[in-house]
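Structure first, then comments.
The values are calculated or read from the model by the stated rules, or taken from the named source; none is laboratory data. Because the structure is predicted, anything quoted here is derived from the model rather than measured. All Cβ positions, glycine included, derive from the backbone under ideal geometry; neighbour counts span all protein chains shown.
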């Protein structure tokens, strides 16, 4: 079985004046259909670069990124936009909801770009809002909701296009701990239903909610395995000691 997400020796470099920064340094990894994977690391580790490449928002400088068997690095801007819309559902820390639209209109936005008819858009949006527990608030505006409810709307929006991958970037970062746990429980429920979930986080306590952790340091994979193994969680002090050896 081919991987849904595959990095083949992926590098990403940026020029900062006379300095070349290697944000991703020969990363190879595979994520299969139905997995719940956390990509974890501190600021500067390369996790945001990986997220941007997985989300087809950026392409590798070298190496290959295959999404559902297709080489993303060979796509033009229109093809990248098309595969983002077809294959990916995004959940962001700041929700990115449109203030003037109702909840159901916010959820319909990806389907509008996909050319789905109005009636079908409406039915699919209703279904996913009910799935996240907001079926009775479809006519509300985002500012009438709590932060946790707004994040549920963004999850519904991610689901409405029936994506191959749900890509969640620090989805609990703007929430209190209780509401954050509710959102993580919802992601777990989506995974249990067969969805592929990729969670980007700096927080060990959130990463261990996944089945598998891919830990990055300085643009490299330093751990890839069971999220509940003792070696999955590395303290900042231990990481620093290892890198100094």
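When the residues of the stretch 74-98 are filtered to those that are in a loop (DSSP other than H, G, I, E, B) and in contact (Cβ under 8 Å) with a residue 12 or more places away in the chain, the one that is surrounded by the fewest Cβ atoms within 10 Å (Cβ to Cβ) is 98. None of 34, 46 is in contact with a strand residue (DSSP E or B) (Cβ under 7 Å, 6 or more places away or on another chain) and closer than 24 Å to residue 155 by Cα except 34. Checked against the criteria, residue 28 does not count as surrounded by 13 or more Cβ atoms within 10 Å (Cβ to Cβ), within 19 Å of residue 198 (Cα to Cα) and modelled with pLDDT under 95. For the stretch 59-73, a residue qualifies if it is modelled with pLDDT of 90 or more and surrounded by fewer than 20 Cβ atoms within 10 Å (Cβ to Cβ), and the qualifying residues are 59, 61, 62, 63, 64, 66, 68, 69, 70, 71. If you check residue 107 against the conditions, is it under 30 Å from residue 138 (Cβ atoms) and either touching a residue at least 24 places away in the same chain (Cβ under 8 Å) or part of a helix (DSSP H, G or I) (or both)? Yes: the conditions hold for residue 107.
Conditions tested, residue by residue: (1) touching a helix residue (DSSP H, G or I) at 6+ places or on another chain (Cβ under 8 Å); (2) buried (at least 22 other Cβ atoms within 10 Å of the Cβ).
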| site | (1), (2) |
| --- | --- |
| 126 | yes, no |
| 133 | yes, no |
| 147 | yes, no |
| 172 | yes, yes |
| 177 | no, no |
| 182 | yes, no |
| 213 | yes, yes |
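Only strands (runs of 3 or more DSSP E) whose full extent lies in the stretch 163-228 are considered here, and the ones with at least 1 residues that are closer than 10 Å to residue 36 by Cα are 165-169, 196-201, 212-217. Number of residues in the stretch 2-47 that are on the phi > 0 side of the Ramachandran plot and over 17 Å from the mean Cα position of the chain (by Cα): the value is 4.
Among the conditions (1) closer than 16 Å to residue 214 by Cα; (2) touching a helix residue (DSSP H, G or I) at 6+ places or on another chain (Cβ under 9 Å); (3) buried (at least 17 other Cβ atoms within 10 Å of the Cβ), residue 42 misses just one, which is (3).
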